[in-house]
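Q: Here it is, the structure, as C-alpha cells.
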Amino acid sequence: MKQEVIIAGFGGQGVIKAGVLLATAAMVEKKHCTHFPSYGAEMRGGTANCSVIVSTSEIASPIVTNPDTVIAMNEPSFDKFQPKVKKGGLLIYNSSLISKKPNRNDIEILAVPANEIAEGLGTPKSANMVVIGAYVAKARPVTLKNIKSSLPKVFPGKEKFLAVNKNALDKGTELV
C-alpha cells in the first residue's frame, strides 16, 4: 500500500497541521511516511501545501508530482493541483470556498462543505479536520482511531480542542 496526497490551501487553514497529523498516525501504525511542507511568501493568508506519503514499504523520495489524492481547501489550490491528480485518483475539495466544478472525468471527486460543517460545530478552524476525516474514510491510508489518538501529539497543550476536532473528523467520515 502506498498513498501519495497533496493537501493545499491558504495559510491559516491548517493544511500543514493536517499533513503532520496524517504522518503522525502513519508512524503510530508503524508505516513509512514522509511529510514535505511548502509555504508561500507569507504564512497566514499566503499559500501553503504539503505532500504526505504513507506506505507499507520504504519511500525513496518525499516529492509528490502525481498524487493519488489532492485535498484542495481554496480555489487557487484547486486550480493548481486538480490537474496533477493521477488518473483514477481522488480529488477532495472544500465546496464551501470553491464554487468551480472539477473539469476531470477520469478521477473520483468528493465535494466537502468543510467550512460550513466546521462553523456548524462552532469552530471554523476545524475545517481541516473535516476534510481529513473524509480522506481517511475514503482512501484509508490510516485508521480513524489512530488519527484521533494522534491529535494530542500534534496539538500539545490544546486539550480543550480535542473533542471538537474528533467531532469534525467524525463529520468528515459521515460524508463518505
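The values are calculated or read from the model by the stated rules, or taken from the named source; none is laboratory data. Values in this document were obtained by computation on a predicted structure and should not be read as measured data. With ideal geometry, Cβ positions are generated from the backbone for all residues, glycine too; neighbour counts draw on all protein chains shown.
Q: Any chance you could count how many residues in segment 140-152 are under 24 Å from Ile109 (Cα atoms), surrounded by fewer than 21 Cβ atoms within 10 Å (Cβ to Cβ) and touching a residue at least 24 places away in the same chain (Cβ under 8 Å)? Explain how you work it out, then say what you get.
A: From segment 140-152, those under 24 Å from Ile109 (Cα atoms) are 140-144, 147; that's our starting set.
Filter again for surrounded by fewer than 21 Cβ atoms within 10 Å (Cβ to Cβ), leaving 140, 143-144.
After this cut, where a residue has to be touching a residue at least 24 places away in the same chain (Cβ under 8 Å) as well, the list is 143-144.
Residues flagged as under 24 Å from Ile109 (Cα atoms), surrounded by fewer than 21 Cβ atoms within 10 Å (Cβ to Cβ) and touching a residue at least 24 places away in the same chain (Cβ under 8 Å) within segment 140-152 amount to 2.
Q: Looking only at segment 46-76, count every residue that is over 15 Å from Lys2 (Cα atoms) and part of a loop (DSSP other than H, G, I, E, B) and tell me the total.
A: Just the residues of segment 46-76 that are over 15 Å from Lys2 (Cα atoms), to begin with: 46-50, 71-76.
Restricting the remaining residues to those that are part of a loop (DSSP other than H, G, I, E, B) gives 46, 73-74.
Residues in segment 46-76 being over 15 Å from Lys2 (Cα atoms) and part of a loop (DSSP other than H, G, I, E, B): 3 in total.
Q: Can you pull out every residue in segment 77-94 that is in a helix (DSSP H, G or I) and not small (Gly, Ala, Ser)?
A: So the first thing to find is which residues in segment 77-94 are in a helix (DSSP H, G or I), and the list is 77-84.
Scanning segment 77-94 gives Phe78, Asp79, Lys80, Phe81, Gln82, Pro83, Lys84.
Q: Only one of Ile132, Ile98, Ile109, Ile147 is among the aliphatic types (A, V, I, L, M) and out of contact with any helix residue (DSSP H, G or I) (no Cβ under 9 Å at 6 or more places or on another chain); which? Outline the logic, then answer.
A: Numbers: Ile132 fails: out of contact with any helix residue (DSSP H, G or I) (no Cβ under 9 Å at 6 or more places or on another chain); Ile98 fails: out of contact with any helix residue (DSSP H, G or I) (no Cβ under 9 Å at 6 or more places or on another chain); Ile147 fails: out of contact with any helix residue (DSSP H, G or I) (no Cβ under 9 Å at 6 or more places or on another chain).
The conditions single out Ile109.
Q: Those residues that are buried (at least 19 other Cβ atoms within 10 Å of the Cβ), in contact with an Asp or Glu (Cβ under 9 Å, 6 or more places away or on another chain) and closer than 19 Å to Phe36 by Cα, I need them from segment 60-90; list them, please.
A: Val64, Pro67, Asp68, Thr69, Ala72, Val85
Q: A follow-up question, please. From the residues in segment 95-138 that are polar (S, T, N, Q) and closer than 20 Å to Val154 by Cβ, which one is modelled with the lowest pLDDT? Write out each step before concluding.
A: Taking segment 95-138 and keeping what is polar (S, T, N, Q), we get 95-96, 99, 103, 105, 115, 123, 126, 128.
Then keep just the ones that are closer than 20 Å to Val154 by Cβ; that gives 123, 126, 128.
On the way: Thr123: 90, Ser126: 96, Asn128: 97.
This residue is Thr123.
Q: Specify which of the listed residues (Phe78, Phe161) is within 16 Å of Lys17 (Cβ to Cβ) and among the aromatic types (Phe, Trp, Tyr). First the steps, then the outcome.
A: Values: Phe78 fails: within 16 Å of Lys17 (Cβ to Cβ).
Criteria check complete, one pass: Phe161.
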